[in-house]
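> Before I ask anything, let me first share the structure, which is written out below as structure tokens.
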Amino acid sequence: MPDRRIALSLSFYGVLAAGALTWGILRGNVDLYHYPSPWWGLTFPASTGLALFAGVFVALLVIWSTRVLVRRVSWARELHGEFRGLLGRLTGPEIAVFALTSGIAEEMFFRGAMQPAVGLTLSGLAFGLVHIGPRRAFLPWTIWAILMGWVFGVLYAVTGELLAPVVAHCLINYENLHFIDAYDPRRESGDEAPKSTDPPRLVGKPVRGD
């Protein structure tokens, strides 16, 4: 089963990456790595240094906020539980492959190919709309993905390099998939095995003393 899920991830995101390259060819610019008109206009090595720093910084901020929300906010805790049920147990290789393939291929497509063509707003919205879960409980995930699509888009536009959103996206997925697999909110709240507050009862008939 793990090998099958890894193969599916490689196949799906391989097709998405190929679609991004095809889009670049059709628009006449296959360079998906560099943003056509960076907001700050930095050049190498300053642009690469900023991209790496910004990607890591945003990733750490999102990873920290995810853990705070899951432990303190009901909708985030519910969403976390839904992901645990949907994904099941994850192995280390699965997490690594899922994080890398999704982070690289999605950034190639939505930032590298789509953003220069349709703009930051529409590309971020499209990114969020493909993150729709099977149930209503996944709605916050969709909204969160739209916001993150805009954040990743700003990283790409400001630094001028796809490295920034790729680093942020891969790190967030890697750490949050580990968190989903390892942390069960029900254990912390005691929902799995509620303890009885009733006094202990004797088994059998009481012994009478004559």
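> Residue by residue, what Karplus-based ³J(HN,Hα) values in Hz, rounded to whole numbers, does segment 109-115 have, using 6.51, -1.76 and 1.60 with θ = phi - 60° and x for Gly and Pro?
7, 7, 9, x, 9, 7, 4
> A further question follows. Using only the alpha-carbon atoms, how far is helix 120-129 inclined from the longest principal axis of the chain? Give it as 0 to 90 degrees, nearest 10.
Long axis of 120-129 versus the principal axis of the chain: about 30 degrees.
> Something else: Output the 0 to 90 degree angle, nearest 10, between the alpha-carbon long axis of helix 74-87 and the longest principal axis computed from the alpha carbons of the chain.
80
> Report the one residue of S47, T66, A7 whose Cα lies farthest in the direction of the positive end of the charge dipole of segment 1-78 (charges on C-beta: Lys and Arg +1, Asp and Glu -1; origin at the Cα centre).
Value computed over the given set: T66.
> Same structure, new question: Hey, can you grab everything whose amide H is under 5 Å from the amide H of Y33? Only 5+ residues off in sequence or another chain; H modelled, so Pro and N-termini drop out.
none
> Give, rounded to the nearest 20 debye, the magnitude of the charge dipole that segment 45-187 has about its Cα centre when Lys and Arg contribute +1 at Cβ and Asp and Glu contribute -1 at Cβ.
580
> Ok, one more. If you fit an axis through the alpha-carbon atoms of helix 139-159 and take the longest principal axis of the Cα set of the chain, what angle between them do you get, 0 to 90°, nearest 10?
30
Read-outs: derived from the displayed coordinates by stated rules, not from any lab. Model, not experiment: these values are computed from the prediction. Here the Cβ is made from the backbone with ideal geometry for all residues, glycine too, and neighbour counts use every protein chain on show.
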